[in-house]
Amino acid sequence: MKTRSLFLVALSFALLLGCKDKGEDTKPQENPISTFVKGTDVTSEQFNNGRWEVGIYFSASVPGKITQVGAKMPEVGTYTVTLWDAADQSVLRQKAVEVDAPEKLVLIPIDPLEITDATKKYVVSINNLSMGVAKKYYVHKKGTTDFMPFVQGSILFHSEGERIVPNNSTASVFPVTMKKNFVIGIPEITFVPN
């Protein structure tokens with residue numbers, strides 16, 4: 001009887017450990033801009049011609065949350081990455097991202113930003129100034145034609161945005177000039193689908 005009881009306890013314990021709540025299924029994190037620039041048909045160049053705020057207009061096709069912002073730049077430095085509401089140009093999240101090695105993607109946790117509306121547009125941008133000095137940045141493209149809008153994972157890229165940062169300022173400025181044939185920067189987000 002004692003052996004049988006121990007067996008039942010052990011079996012119950014094993015079943016409890018093996019059970020998984022349906023809500024615990026984790027979806028993979030997405031870093032859509034980095035994934036895009038790794039594409040075999042994407043070319044990349046480095047530029048250093050001015051003081052720029054550059055970014056990407058995007059929306060999410062599924063509900064989820066943005067949990068990190070980050071940067072990958074050709075030069076070491078501390079860069080400001082900003083997450084904006086595209087409609088009213090307000091700052092939703094902003095972080096100083098220290099890139100401690102060229103070509104290295106650095107991601108910084110943020111207070112999660114819930115994404116629930118597939119029609120709402122956001123902008124993630126990076127200011128190429130580090131300690132007031134303009135640094136090199138990347139320009140990624142696919143040939144010479146427009147390639148946006150396009151989908152990368154759960155994210156729809158609408159356009160690239162850019163704006164010159166005034167000489168008397170180092171503050172982030174909303175990137176208003178839109179183009180559809182470049183990805184510049186690069187700023188990055190981590191999107192986690194629900």
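The numbers here are math on the coordinates, done by the rules we state, and not lab data. All of these numbers come straight from a predicted model, not from anything done at the bench. Ideal geometry is used to build each Cβ from the backbone, glycine not excepted, and the neighbour counts take in all protein chains shown.
Among the candidates 95, 120, the residue that is assigned to a strand (DSSP E or B) and of a type outside the set (A, V, I, L, M, F, W, C) is uniquely 95.
Identify, please: which residue in the range 99-120 is among the β-branched types (Val, Ile, Thr) and under 25 Å from residue 38 (Cα atoms) and is, among those, surrounded by the fewest Cβ atoms within 10 Å (Cβ to Cβ)? If you could, list the steps in order and put the result at the bottom.
Quick first cut of the range 99-120, residues among the β-branched types (Val, Ile, Thr) only: 99, 106, 108, 110, 115-116, 119.
Of the ones still in play, those that are also under 25 Å from residue 38 (Cα atoms) are 99, 106, 108, 110.
Values: 99: 21, 106: 18, 108: 16, 110: 20.
Selected residue: 108.
From the list 96, 71, pick out the single residue that is on the phi < 0 side of the Ramachandran plot and buried (at least 19 other Cβ atoms within 10 Å of the Cβ).
71
Results for (1) touching a helix residue (DSSP H, G or I) at 6+ places or on another chain (Cβ under 7 Å); (2) of a type in the set (Gly, Ala, Ser); (3) not in a loop (DSSP other than H, G, I, E, B), shown as yes or no for each residue.
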site: 158; (1), (2), (3): no, no, yes
site: 168; (1), (2), (3): no, no, no
site: 172; (1), (2), (3): no, yes, no
site: 175; (1), (2), (3): no, no, no
site: 181; (1), (2), (3): no, no, no
site: 191; (1), (2), (3): yes, no, yes
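Is it the case, given these coordinates, that residue 134 is hydrophobic (A, V, I, L, M, F, W, C) and over 23 Å from residue 30 (Cβ atoms)? For residue 134, the condition - hydrophobic (A, V, I, L, M, F, W, C) and over 23 Å from residue 30 (Cβ atoms) - is met.
Could you tell me whether residue 117 is under 18 Å from the mean Cα position of the chain (by Cα) and farther than 21 Å from residue 31 by Cβ? Give the derivation first.
Numbers: under 18 Å from the mean Cα position of the chain (by Cα): yes; farther than 21 Å from residue 31 by Cβ: yes.
Against the criterion (under 18 Å from the mean Cα position of the chain (by Cα) and farther than 21 Å from residue 31 by Cβ), residue 117 qualifies.
Just name the residue that is nearest to the chain's Cα centre (by Cα) out of those in the range 74-93 that are crowded, with 19+ Cβ neighbours inside 10 Å and polar (S, T, N, Q). This residue is 82.
Across the range 134-151, the qualifying residues are those that are in a strand (DSSP E or B) and of a type outside the set (D, E, K, R), and the one among them that is surrounded by the most Cβ atoms within 10 Å (Cβ to Cβ) is 137. Taking the range 50-77 as the range and being part of a loop (DSSP other than H, G, I, E, B), hydrophobic (A, V, I, L, M, F, W, C) and closer than 29 Å to residue 131 by Cα as the test, the residues that pass are 73, 76.
Could you check the range 27-49 and list, in sequence order, the residues that are in a helix (DSSP H, G or I) and either over 12 Å from the mean Cα position of the chain (by Cα) or surrounded by 17 or more Cβ atoms within 10 Å (Cβ to Cβ) (or both)? Quick ask: steps written out before the conclusion?
Keep residues of the range 27-49 that are in a helix (DSSP H, G or I), which gives 32-37.
Within the range 27-49, 32, 33, 34, 36, 37 qualify.
When you check residue 116 against the structure, is it polar (S, T, N, Q) and closer than 20 Å to residue 163 by Cα, yes or no? Considered against the rule, which asks whether it is polar (S, T, N, Q) and closer than 20 Å to residue 163 by Cα, residue 116 comes out as no.
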